[in-house]
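The next block holds one structure in the form of structure tokens; read it before the comments.
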Amino acid sequence: MPDSQPRPSDDHADDPADASGGPDAAATTETNPLVLCGARLTDGRVVDVRIGGGRIEAVGTAGSLAAPGDRVDLRGHLLLPAPVEPHAHSDTALTADGTGPGIPGPVSYRPQDVQRRATEAALLQLGHGATALRAHVRIGSVQGLASLDAVLRARDSLRGLIELAPVAVPRLLTGVAGADNLAMLRDAVKMGVSAVGGCPDLDPDPAGYAEAVLEIAAEHGCPVDLHTDGDAPARLGRLAAVAGGMRSGVSLGPCAGLARIPAQAAARAADQLAAAGVTVICLPQGGCCGVEGRGTAPVGLLRAAGVRIAAGSGALRDVTNPVGRGDPLEAAYLLASQSGMRADEAYRTVSSAARKAMGLPEVRVEAGFPAELLAVRGEQLSGVLSLAYSRIVVHRGRVVARTSAVREYCDSETVVALGLPRQGRPDPFGGP
């Protein structure tokens, strides 16, 4: 497990603001003053950033800010609003090789094993830079609500490191077979899930399934996040019509099927989603539930229609994608390299757009905004998306994760003569 360990849940475990990572969550964590020194911003400026009380207090010219607390040298790093992960599967993460590393055999869904996997997966994604994570968790069948309860326990133990926001995902909701799951979904809302979701494509009555989820969401004021392949334009149109009247946010994903239907039908569906204000959460690494075809959503077509686009990672080393990385910067890289998006546009899909889809407050590297930040070694965003090795993650105003990569070569006169960049070990005495 990564070096950053979760702390035990505290007396505020039932605080809804803390659990959801809402606008006031950062203010609930006491942090020492912190100055991030010599960081480069995307506009080229090199600045110091002073942080206190979980928020950015000031941004000034490098060397101009002082504080009595800690200082972190960010020379050679690009400082960004931290990304978030809007589409993860914490209960099935890290199961591609069985129960766990060195433990072959069928996957265990004992609550303690689910909690361990959910915790480890969240810490891995925190190391990549995600300071909040929306986890789709299956309910019903043999497990009932046990897996959801385990992920909620992981959420509580991780508070202060990363915001883990579970989404309840029932398999069936219509007819006699779905009656128990419908009641279970209501129980899940009472347990404290952050959103309600599911996969209408797997129900005999997909439209009825979606309507049931939207009805429960309307009753409780919950956001909705549904899995769909999106290959049925009429179904998407009906869903968009209902979602347009929802006060809470509605997200769909991964919608890869939109790329496989006739362009005219896909364009009509995109127009309907845009009019309804629905966010499409695409998965550039591929599908996550075994019902989607290969590929990803037609991002260009959706953006042209005005659909809000966010990007997630989906499967993290489970049977659907045994090599899934769960890295938001890789999702942005894939959108930039394969979907023709500019680097800044691609990064927004995993940062500001993903935060908005999750109902989280906006983050900018400006005074007054939450101190949710990611520093990556590099000078420009395009280079960072290409070679994002060393990372420092700030959540609620404190450094919560570090990943350090060192690239070393044999001595070469050519390298020295040409003055090529060489990333070495950090100088403990503050040198470059």
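Solvent exposure of GLU163, expressed as accessible area, is near 20 Å², computed with a probe of 1.4 Å over the protein chains only. Calculate how steeply helix 111-128 sits against the longest principal axis of the alpha-carbon atoms of the chain, using the helix alpha-carbon long axis, and give the answer as 0 to 90 degrees to the nearest 10. Helix 111-128 sits at roughly 40 degrees to that axis. Seen against the Cα atoms of the chain and their longest principal axis, helix 206-220 is set at about 70 degrees.
Counting only protein heavy atoms and a 1.4 Å probe, tell me what percentage of the chain's accessible area is made up of carbon and sulfur. Mind showing how you got there, number by number?
Working: 9670 of 18840 Å².
Carbon and sulfur atoms account for 51 percent of the accessible area of the chain.
For the stretch 296-409, the average shadow cast by the Cα convex hull is 9.1 nm², which is a quarter of the hull's surface.
Give me the one-decimal Kirkwood hydrodynamic radius in Å for the stretch 37-160, with the sum taken over alpha-carbon pairs.
Values: mean 1/r = 0.0582 Å⁻¹.
Taking the inverse mean of 1/r over all distinct Cα pairs, the stretch 37-160 comes out at 17.2 Å.
List the equivalent ellipsoid semi-axes of the stretch 126-261 in whole Å, largest first, each obtained as the square root of 5λ for an eigenvalue λ of the Cα gyration tensor. List each step's numbers first, then the result.
Numbers: eigenvalues 120, 68, 38 Å².
Rounded to whole Å, the semi-axes are 24, 18, 14.
Accessible area per residue for the stretch 121-199, computed on protein heavy atoms with a 1.4 Å probe, is 29 Å². Each eigenvalue of the Cα gyration tensor of the stretch 115-197, multiplied by 5 and square-rooted, gives one semi-axis; in descending order these are 26, 11, 10 Å. Here the Gaussian network model covers the chain, with springs between Cα atoms less than 10 Å apart; of SER313, SER390, SER90, SER390 fluctuates the most.
These residues, HIS128, HIS227, go from largest to smallest accessible area, 1.4 Å probe, as HIS128, HIS227.
Against the chain, whose longest principal axis comes from its Cα atoms, helix 233-243 is set at around 80 degrees.
For the chain, what is the percent of antiparallel DSSP beta bridges, rounded to the nearest 5?
Working: 28 of 60 bridges.
If I count the DSSP bridges inside the chain, around 45 percent turn out antiparallel.
The orientation-averaged projected area of the convex hull spanned by the Cα atoms of the chain comes to 22.2 nm².
For the chain, which longest stretch is free of loop sites, where a loop site is one of the chymotrypsin sites (Phe, Trp or Tyr not before Pro) that DSSP puts outside H, G, I, E and B and that has at most 16 other Cβ atoms within 10 Å?
Numbers: sites that count: TYR389, TYR409, PHE429.
Answer from the scan: 1-388.
Between ALA256, ALA122, ALA146, the Gaussian network model of the chain with springs among Cα atoms under 10 angstrom shows the greatest mean-square fluctuation at ALA146. In units of the rule-of-thumb radius 2.2 N^0.38 Å, the stretch 197-254 shows an alpha carbon radius of gyration of 1.00.
The values are calculated or read from the model by the stated rules, or taken from the named source; none is laboratory data. Everything numeric here is computed off the predicted structure, so don't read it as measured data. Neighbour counts run over all protein chains shown; Cβ positions are idealised from the backbone, glycine included. Calculation scope for accessible area: heavy atoms of the full protein, side chains included, ligands and nucleic acids excluded. Shrake-Rupley method; radii C 1.70, N 1.55, O 1.52, S 1.80 Å.
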